[in-house]
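Working notes, structure below.
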Amino acid sequence: MTAQLELPPQPTLSRVGTLLRARELGIGIVIAIVFVTATLKNHAFANSHSVQQLLTGAALIALLGVGETLVIVTRNVDLSVGSVVGLSAYVVGSTFKHHPHMPILLGFVLGIAIGAAIGAINGLITTVARVPSLVVTLAALYIIRGVDGVIVNGKTIDPGSIPKVFQEVGYRTLFGVPWLAIIVAVVVAVVGYAMRSFRAGRDLYAIGSNPDAAALAGVPTGRRVFTAFLVSGSLAGLAGALFLALHAQVDVTGGNGYELTVIAAVVVGGVAIFGGSGTVLGAALGAVLLNTINQALVASKVSAFWNDAIAGALLLAAIAFDRWLSLRIARNLRSAEGAHRNV
Amino acid sequence: MKGFIAVKSGREEPVVAEQPQAPLLVLAKATKSFGAVQALTEGSITLYAGEAHALLGENGAGKSTLVKILAGVHRPDSGVLEVGGQPLTLHGPASSRAVGISIIYQEPTLFPDLSVAENIYMGRQPLAAGRRIDRARMRKDAEAVFAQLGVALDPDRLARGLSVADQQIVEIAKALSLEAKVLVMDEPTAALTGVEVERLFEVMRTLRNQGAAVLFISHRLEEVFASCQRVTIMRDGRYVRTAAIEDLTVDDIIRSMVGRDLDTLFPKTETVPGEVILQVENLNREGVFSDISFEVRRGEIVALAGLVGAGRSEVARAIFGIDRRSSGVVRISGTELSNGSPQASMAAGMALVPEDRRQQGLVMELGLDQNIALASLGRLSKFGIIRRASEGAIALTWAERLQLKFSRLKNPVSTLSGGNQQKAVLGKWLARRPTLLIIDEPTRGIDVGTKAEVHRILDGLVAEGMAILMISSELPEVLGMADRVLVLHEGRLTAELSRDEADENSIMRAASGLDAGAAA
């Protein structure tokens, strides 16, 4: 190139960039603050049993948050996860009741299969018929609840009909860490790595960030969005089986209202509700944070009613923080660019 | 080879060397319709290795449809596409890219939430073992492309917040990194200023020297003459002619595009300025511009020139009251306007036609009638209830006066062409009968024919006694239309030039801050 133009270096975003990357760190710090404050008020909060309860309590929401993150990152939403948990838990439970000697692994496979089937239907209607996912999965939420109600027919699966080994998954620990937490951590690690380091994962961010541009860049948008729903459904099905293992009983109310808790956790965890950014680790930490606050309030003997109000306030705070951050980025860039533009 | 006229002599660079040479890409007699609308009746183009080929035509001539066929976005209803002598069918954007066609679209197609490097390599990120994305290499590759372009963009920064010019540079980097055989650029310069356009031409030369063909679409004919060897002209969805650039004059091209003669491009008539309408004194907005003082008189067009980012639109926004001013006074006909109140400015007789008409000027889903009436609702309503009949009446008056082409007043304005949308925005503000019209890039992205009409309309308005403040990045427009030219550089007024003093040289010097001492 002959006429090379000398330009001063562009403004970089190193500082703000670090801040963004540190979003997970930020949530970690808030969790630590809540934990320490609660421990100061009630020393029992820090004992190993209580910590195990913290992790176990957050595990299911964190697991659902992983799938929900995949879907939300593509500018969609999956509202059916709570219903899938309920259906999967009951069907797995009643299968164990009728076939007590079924291998426990098959129980998990069955749960995942139920979730995968529902996820596939959600994904197909969203991508092929191009119905907004909010409508599709809201319909799925009610349909599955209804079907669940018919199947359950007022009955309850009780601990007696669930194999002991299966129940152990819900309460046993490995080196002091609950199995549930380990399972979820593995899922977070695997999915998180795939989202970061594989083309298919990056495609999801591209779709959420600018769907038209993604199509022009040759990203198979329909297939990717379908996969996101499939994974979300499968993880919800797995969460249903784990729900059964954890509570050792299930009736028609199992998983009721989980969908909104999950979305709250995901948003608190830094996943943009309109797609394009956020990580599964953030979503999982968001679930831990919400549960830690919940337990801290109980331990501090604050009325349980405050719980929801605080979760709501936290949501607002998370969104306000995002807004503030993006305005700041825009302002920094504008002033820096004004200086660089006029060479 | 139909319609091809061989280049007789290479002008500055004999790149379209020894004919006959096999064409790199041939699209012959492609047709495409959307429902009842025939967007393309005969789309034909032949590209040779090493040439820059301009595709010209008015808005709605079918250029974008032809580009989208090459991009694999639209499947043609009939017609033949050959690349390197091989007939082929494109199944989507990915398969177009696979045969070496790369497109830079009119509107940047970036992912705001992803890094610049990832924007460049989306869908084809370099892979390490196990099909993992090799981020280090992706970063290094992006840096290498930027080095080749001579720009210093940080590959790790997010695309969000990039200026339009920098977004376009990322698009160019994307195309360059593809090592495309055919590079299609759909109005890449619409948002660029002098320096960046130069850089773009440099890239085009590099690519041509590497044996690529460049298809260049632009409404700026001077750019076509500066950078292209051959020209293909389209009109009403049909191929008209292909010719070597030296066999054509601007008039030839316009005649072929429009299908008729245009009397003159810039019909500015001499007017005698009357009393002062707009008076701006020591206008400041911290960090954006400072110490801006000027006047606009009845019956004159004052142009605000400068590079992108010099603060032209920002000054206009502060005058109108969209942005608050830090200090300074704005008067309309001697009355001081309150700070930060567009309502007060409108009541005082000011109107602002924004640059981005889709986003800021029109409600795309509403009809032409409702859009034109939108700024005059106060006058059109009785006891707060809008009279639909008067909406239609006022819209019709202005649509006719502006020679707006539309099928039905009620049809959403999104169905209008770009030039007619621009007229609709103009009509909306003119319906208020303002005394001062501020117009930002009045003819950006519209075709030559409509451009001349818009210029004629502006000329007619000042003849009737309106005062116009016009922001424009197109020098010919500034030189042709303005009675006086104000030049901004980094938020400061660096020159005030009379019609006689203003020429390309004096404006560009002031716009780059070279004549900073000679400020008005």
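Nothing in this text is a laboratory measurement; each read-out follows from the coordinates by a stated rule. Remember, predicted model here, so these are calculated numbers, not experimental data. Cβ atoms come from the backbone with ideal geometry, glycine included; neighbour counts cover every protein chain shown.
Observations, loosely collected:
- Charge-dipole axis of the protein assembly as shown as Lys and Arg at +1 and Asp and Glu at -1 on Cβ define it, positive-most pick from A:A284, B:V145, B:A452: A:A284
- Anisotropy class assigned to region A:45-321 is oblate, per the alpha carbon gyration tensor with a/c at or over the 1.5 cut-off and a/b no larger than b/c.
- For region A:70-191, the convex hull spanned by the alpha carbon atoms encloses 121 Å³ per residue.
- Residues whose amide H falls under 5 Å from that of B:A52, counting only those 5 or more places apart or on a different chain, are B:V214, B:Q229, B:R230, with hydrogens built in the peptide plane.
- Put in order of Cβ neighbour count within 10 Å, fewest first, the listed residues B:D154, B:D369 become B:D154, B:D369.
- Partner lysines for B:K174 [C-alpha distance under 19 Å; skip if fewer than 8 residues away on the same chain]: B:K68, B:K140
- Listed by chain and number, the lysines whose alpha-carbon sits under 17 Å from that of B:K451, ignoring those within fewer than 8 places in the same chain, are B:K268, B:K405, B:K423.
- Take the Kirkwood radius over Cα pairs of region B:193-296, plug it into Stokes-Einstein at 20 °C and 1.002 mPa s, and you get 118 µm²/s for translational diffusion.
- Debye-sum result for region B:72-153 in log10 I(q)/I(0), which assumes one identical scatterer on each alpha carbon, at q = 0.21 Å⁻¹: -1.09
- Ignoring lysines fewer than eight residues from A:K301 along the same chain, the ones with Cα atoms less than 21 angstrom from its Cα are A:K41.
- Shape class for region B:111-161, computed from the alpha carbon gyration tensor (a ≥ b ≥ c): oblate, with a/c not under 1.5 and a/b at or below b/c.
- Computed magnitude of the charge dipole of the protein assembly as shown (debye, nearest 20; Cβ of K, R +1, Cβ of D, E -1): 2600 debye
- For region B:272-302 and region B:61-122, distance of Cα centres in Å: 46 Å
- Annotation: average projected area of the protein assembly as shown is 42.6 square nanometres, based on the convex hull of Cα atoms across all directions.
- Rounded, prolate or oblate (a/c below 1.5 giving rounded, otherwise prolate when a/b exceeds b/c) for region A:17-91 by Cα gyration tensor: oblate
- Karplus 3J(HN,Hα) series, Hz, for region A:115-129 with 6.51 cos²θ - 1.76 cosθ + 1.60 (x for Gly, Pro): x, 4, 4, 5, x, 5, 5, 3, x, 5, 5, 5, 8, 7, 7
- Taken one residue at a time, the phi angles of region B:361-367 give Karplus couplings (6.51, -1.76, 1.60, θ = phi - 60°) of x, 10, 9, 4, 7, 7, x Hz. Gly and Pro are set to x.
- Distance distribution P(r), region A:171-240, all Cα-Cα pairs, bin width 5 angstrom from 0: 3, 15, 19, 20, 14, 11, 7, 5, 3, 2 percent.
- Under Stokes-Einstein, with the Kirkwood radius over Cα pairs as Rh, the value for region B:428-490 at 25 °C and 0.890 mPa s is 196 µm²/s.
- For B:F216, A:F108, B:F225, order by how many other beta-carbon atoms lie within 10 Å, fewest first: B:F225, A:F108, B:F216
- Alpha-carbon geometry of chain B: the Rg and the Dmax are 24.3, 76 Å, given in that order.
- Residues B:D247, A:D251, A:D148 in ascending order of nearby Cβ atoms (within 10 Å, fewest first): B:D247, A:D251, A:D148.
- Calculated from backbone phi, Karplus (6.51, -1.76, 1.60) coupling profile of region B:297-308 in Hz, x at Gly/Pro: 9, 4, x, 10, 9, 10, 9, 10, 10, x, 6, 4
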